[in-house]
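Q: I am attaching a structure below and will ask some questions about it afterwards.
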Amino acid sequence: MEATPLSGVLGARVPIRDVRALKDDDVVDLRRLICEHLVVVIESQDLSARDQVDLSHRFGPPADTPFIEPSPDHPEVIRVLKEASDGTAFNFGGAWHSDFSFQPAPPSFTLLFAVDVPPWGGDTVWSSMAAAHDALTEDQRDRFRQLRAVHTARDAYSPKMQPLHSGLSAMTINCDESAEVHQLHPLITTHPETGRDVLFFNRAYVRDLEGSPSEETAGTLDWLHHHTTDVRFTFRHHWRNGDLVIWDNRATQHYALNDYTGFRRELHRTTVAGEPPVSQHTTSGH
Ligand code: SIN
């Protein structure tokens, strides 16, 4: 199995005739390529929701998906769907984030399959948090290794955010008080499969920094957001029906562009359970 890079930083195309026919060794190879390139594009697939669930299971057990009502027939599948009639409503995934990083053990991989995509627009952009880490100065690395990021869904899924999500007529997103809890993860994590250091940050869910002087925190969060989403660390994919994209949430964040008003966009998402993020630089193991 070979990958053709699609940018100098992350993203690769992997030609596979039919992912449903992958042998166990192929899945091992594919997993290695995803961890290496962080985002893998596999074109021209024909996947039912059941097929997608089966493929996801080959990477690990399903992750929990709070707040979002899944497909009634396939509880592990989220239908990411904006109808043409939803106009300029806020789109699902329309802010830089890493999937459910507010969980104690955020998902390792996400699989997103394009079912009905607009003729233009609706691209997804990913940013490499490994490249963002590698571009830090030694001083910044030393400083950030001392910090833990406070991840919370408070500003995404607490009750005050319900109106933002209610513009999507075909998705049910149930905001509730459970979004108020927070989870601490090291700001610099170590990828569990590649051993690479990663700046595990995303502005949607990282709302505070433990260990940072409070007067510096807002400025540091802004700096981290601008740094980690700098175009030099990104890869952008324009979807075609039948595209399957699998990405590594442990070393990326992503953003779904909302520039297709008047067109329908439907993709099916499954997520694979991950482990609590750890850092090789902290003695306490947090
Ligand atoms: C997501 O953030 O899970 C969805 C991304 C997309 O729709 O492109």
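Each reported figure results from applying straightforward, stated rules to the coordinates on display, with no laboratory input. Quick caveat, the model's predicted, so the values are computed rather than measured. Reconstructed Cβ throughout: ideal geometry from the backbone, glycine too, with neighbour counts over all protein chains shown.
Q: List the equivalent ellipsoid semi-axes of the range 36-87 in whole Å, largest first, each obtained as the square root of 5λ for an eigenvalue λ of the Cα gyration tensor.
A: Working through the eigenvalues yields semi-axes of 21, 17, 13 Å.
Q: Distances over 34 Å make up what percent of all Cα-Cα pairs in the chain?
A: 16
Q: Using modelled backbone amide H atoms (1.01 Å from N, in-plane), which distant-in-sequence or interchain residues come within less than 5 Å of residue 208's amide H?
A: Residues meeting the amide H criterion: 150.
Q: In Å³ and rounded to a whole number, note down the convex hull volume per residue for the Cα atoms of the range 158-252.
A: Considering the Cα atoms of the range 158-252, their hull volume per residue is 173 Å³.
Q: What length, rounded to one decimal in nm, is gained on full extension from residue 162 through to residue 180, with 0.36 nm per residue of separation minus their alpha-carbon distance?
A: Net length gain for the segment: 5.1 nm.
Q: Related question: Jot down the per residue volume, in cubic angstrom and as a whole number, of the convex hull over the alpha-carbon atoms of the range 96-255.
A: Here the figure is 128 Å³ per residue.
Q: If you put +1 on each Lys and Arg Cβ and -1 on each Asp and Glu Cβ, how big is the dipole of the chain around its Cα centre, in Debye rounded to 20?
A: I would put it at about 240 debye.
Q: Same structure, new question: Out of all Cα-Cα pairs in the range 12-154, roughly what percent, to the nearest whole number, are more than 22 Å apart?
A: The calculated P(r) of the range 12-154 puts 52 percent of pairs beyond 22 Å.
Q: Would you mind calculating the relative contact order of the range 4-272 from Cα pairs under 8 angstrom and at least 6 residues apart, reporting the percent as a whole number?
A: Value for the range 4-272: 37 percent.
Q: So what is the calculated 222 nm ellipticity per residue for the chain, using -39500 (n - 2.57) for each DSSP H run with n of 4 or more, over all residues, to the nearest 500 deg cm²/dmol?
A: Helix contribution divided over all residues of the chain: -5500 deg cm²/dmol.
Q: Then there's this: Working out 0.36 nm times the residue gap between residue 58 and residue 146, then minus their Cα-Cα distance, what length gain in nm do you get to one decimal?
A: So the extension gain works out to 28.1 nm.
Q: Using a ≥ b ≥ c from the Cα gyration tensor of the range 1-70 (square roots of the eigenvalues), is it rounded, prolate or oblate, where a/c under 1.5 gives rounded and otherwise the larger of a/b and b/c decides, a/b for prolate?
A: Prolate is the answer for the range 1-70, as a/c is 1.5 or above and a/b outweighs b/c.
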